[in-house]
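Here the structure comes first, spelled out in structure tokens, and everything after it is commentary.
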């Protein structure tokens, strides 16, 4: 409820406040001294969204949610169509098809191919199509829909076995495991006990996969398609671990709050991509946005203090880390779809945007809201940001207090003529900016916190 209340409050405030901005140039960037909520009409941008179209821009009915719902509706239609003639093998096949799709949709190569196809859409195509293509980062909705449907079909399959009186110890164990993993994946549970969720999905998922292989061997004669699909699922799940490697790192501590980590990595990084690091690969993994392109055989990430793990990493830097598979594309790649883009970052959100700005050969503006950038991130990182975006705009919260981020975003979007906004911040501000700007008719993108 506080998130929704803040969104409503920001929208009301937008229509009640009208302020003017006069920027002051300081040491290579523009430091804002006043806020503004002026609105300008930019060619190529949609008109402000109203009614149902405006409601569809709310996170509760985001593309992620709509994709999940579409998959579940499709499975419901199939259920209605086949239910009179449905058999246990038929239900088991539908379960396998959905669960295999759920696993494939999280495979890094599949994700990267989807991003590559979506973000290569010509910028001459209609704005609405490019807006929709940029939402490829919501692919997780398909994963949720297929996984949920797969569990449901498997329970139906087990129900048939119970009615028939066949031996079913292994299927019941698999069904119980699927239900537990599904319960842990529900957003409130996942956010409250995230470490438990991650470890249960890692170890529980592998255990269930072993049981599924055993059950497939028990029930299949090898002449059907099911063993091949199960084999591909095992390969897909194992592939990142087969490429696991331990690499040396160079850690540059910018301050007590942030550090940069440099490590050997094959080129190159897709724009806006992330890499997954660990100090104990069997316990926990953390994803960080890659800075730069990966050229020269090295990658780099920016780590900010956001919990026990990152705090220990900054205070006691390791000499080596574990690196899983290759980089995975992120929502920042949507910038390629638009000729002019506004990047909005708060704090260490500047890291994920640096790889996108490195590849950007078209006009953009950077708005960075952070506490004392020099003291927090150091002159070296600041110089790199300045080189990528010579006229970037910074709001120093240590001196100027917390701004109205939505109003600032709207102002700079209008001033720069940006067709899209890419925001990297915490969940509350990301939802506020993305929802607010999309309801004003501007394609906007941010993290969706689906893992």
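Structure summary
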read-out	value
Residues located in the range 241-264, provided they are touching a strand residue (DSSP E or B) at 6+ places or on another chain (Cβ under 8 Å) and without any contact (Cβ under 8 Å) to a residue 60 or more places away in the chain	250, 259, 262, 264
Residues satisfying the stated conditions in the range 298-316, i.e. surrounded by fewer than 16 Cβ atoms within 10 Å (Cβ to Cβ) and over 23 Å from the mean Cα position of the chain (by Cα)	298, 312, 315, 316
Residue check, residue 278 buried (at least 16 other Cβ atoms within 10 Å of the Cβ) and either under 20 Å from residue 306 (Cβ atoms) or modelled with pLDDT under 85 (or both)	yes
Residue among 159, 140, 150, 205 that alone is more than 19 Å from the chain's Cα centre (by Cα), within 30 Å of residue 270 (Cα to Cα) and either at pLDDT 90 or above or surrounded by 13 or more Cβ atoms within 10 Å (Cβ to Cβ) (or both)	205
First in the range 224-237 and in contact (Cβ under 8 Å) with a residue 60 or more places away in the chain, second anywhere and in a helix (DSSP H, G or I) and surrounded by fewer than 16 Cβ atoms within 10 Å (Cβ to Cβ), Cβ under 7 Å, 6 or more apart	230/213
Qualifying positions in the range 326-361 - free of Cβ contacts under 8 Å to residues at least 24 places away in the same chain and either within 18 Å of residue 423 (Cβ to Cβ) or in contact with a strand residue (DSSP E or B) (Cβ under 9 Å, 6 or more places away or on another chain) (or both)	none
Sole residue being free of Cβ contacts under 8 Å to residues at least 60 places away in the same chain and either crowded, with 19+ Cβ neighbours inside 10 Å or at negative phi (or both), chosen from 63, 84, 59	84
Filter result for residue 190 (under 22 Å from residue 148 (Cβ atoms), surrounded by 12 or more Cβ atoms within 10 Å (Cβ to Cβ) and touching a strand residue (DSSP E or B) at 6+ places or on another chain (Cβ under 9 Å))	no
Given (1) assigned to a helix (DSSP H, G or I); (2) under 22 Å from residue 272 (Cβ atoms); (3) touching a helix residue (DSSP H, G or I) at 6+ places or on another chain (Cβ under 8 Å), index of the condition residue 430 fails	(3)
Residues being in a helix (DSSP H, G or I) and at pLDDT 85 or above - total across the range 358-374	2
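Here is a yes/no grid of residues against (1) in the same structural domain as residue 212 (by TED's automatic domain parsing); (2) closer than 21 Å to residue 137 by Cβ; (3) touching a strand residue (DSSP E or B) at 6+ places or on another chain (Cβ under 7 Å); (4) at pLDDT 95 or above:
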site: 52; (1), (2), (3), (4): no, no, no, no
site: 57; (1), (2), (3), (4): no, yes, no, no
site: 88; (1), (2), (3), (4): yes, no, no, no
site: 93; (1), (2), (3), (4): yes, no, no, no
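The values are calculated or read from the model by the stated rules, or taken from the named source; none is laboratory data. Keep in mind it's a predicted model, so treat the numbers as computed, not measured. Note that each Cβ is placed from the backbone with ideal geometry, even for glycine, and that neighbours are counted across all protein chains shown.
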